[in-house]
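The values are calculated or read from the model by the stated rules, or taken from the named source; none is laboratory data. Keep in mind the model is a prediction, meaning the values are calculated, not measured. Cβ sites come from the backbone with ideal geometry, for glycine too, and all protein chains shown count toward neighbours.
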Amino acid sequence: MPASGHGERMGHEFLGVVEDVGAEVSGLKRGDLVVAPFVWSDNICDFCREGLHTSCRHGGLWARDGVDGGQGEAVRVPQAQGTLVKLPVAEDSALLPSLLTLSDVFCTGHHCAVTAGVDSRTTVTVVGDGAVGLSAVLAAKRLGAWGSPRPKAGGGSS
Ligand SMILES: [Zn+2]
């Protein structure tokens with residue numbers, strides 16, 4: 001990131017507690033714990049209905065074009081009703097670190113595993129050990145893949 005004489009908005013993966021909602025937002029209220037995906041979107045346009053929220057006709061990227069970034073003290077969320085997902089746990093839940101992965105890395109790893117066609121007949125090799133690679137390993141395992149050679153039929157070891 002180039003140096004600048006003023007602060008820059010940063011970040012795109014976050015959990016948060018709703019402090020206020022706009023008049024057009026329903027389904028969310030002050031005090032709700034939410035997760036924000038890595039883009040903001042309306043969740044109703046033709047692209048969103050196809051699962052292509054990154055191409056939302058009324059969405060965009062965090063920390064761009066005057067929109068807040070997820071690493072700020074507070075974030076104004078455009079299209080909040082379509083963007084935020086309410087979490088079924090309290091603010092002090094021990095699950096928060098795991099739930100944070102739902103904002104980006106686990107979803108990306110899951111997408112990799114699904115796109116690769118992983119199932120119970122699949123042995124998977126994941127190249128890369130960053131957060132997305134590790135999430136891909138978890139997603140592949142959840143989809144039934146084997147991570148090491150399968151035992152040979154007949155139970156013998158060799
Ligand atoms: Zn959309």
* Asked: In segment 31-65, what count of residues is obtained for those that are free of Cβ contacts under 8 Å to residues at least 40 places away in the same chain, touching a Gly at 6+ places or on another chain (Cβ under 7 Å) and farther than 23 Å from residue 109 by Cβ?
  -> 1
* Asked: Do we find that residue 47 is among the aromatic types (Phe, Trp, Tyr), assigned to a helix (DSSP H, G or I) and away from the ligand (no atom under 16 Å from the Cβ) in this structure?
  -> no
* Asked: Just one of the numbered conditions (1) exposed (fewer than 12 other Cβ atoms within 10 Å of the Cβ); (2) modelled with pLDDT of 95 or more is not true of residue 1; which one?
  -> (2)
* So which residues in segment 94-115 are in a loop (DSSP other than H, G, I, E, B) and touching a residue at least 24 places away in the same chain (Cβ under 8 Å), if there are any at all? -> 104
* Structure fact -> Checked segment 86-105 for anything touching a strand residue (DSSP E or B) at 6+ places or on another chain (Cβ under 8 Å) and crowded, with 16+ Cβ neighbours inside 10 Å; matches are 87, 99, 102, 103
* Structure fact -> Reported set for segment 27-49 where residues are on the phi > 0 side of the Ramachandran plot and not small (Gly, Ala, Ser) is 43
* Would you pick out the residues in segment 50-74 that are more than 15 Å from the ligand (Cβ to nearest atom) and at positive phi? -> 63, 65, 66
* Among 110, 58, which is in contact with a helix residue (DSSP H, G or I) (Cβ under 9 Å, 6 or more places away or on another chain) and under 24 Å from residue 9 (Cβ atoms)? -> 58
* Going by the structure shown, is residue 120 in a loop (DSSP other than H, G, I, E, B), at pLDDT below 95 and not assigned by TED's automatic domain parsing to the domain that holds residue 31? -> yes
* Asked: Just one of 126, 89 is free of Cβ contacts under 8 Å to residues at least 24 places away in the same chain, more than 17 Å from residue 11 (Cα to Cα) and of a type in the set (A, V, I, L, M, F, W, C); which is it?
  -> 126
* Structure fact -> Within segment 9-44, restricting to residues that are under 16 Å from residue 81 (Cα atoms) and of a type in the set (Gly, Ala, Ser), the one that is farthest from the ligand (Cβ to nearest atom) is 31
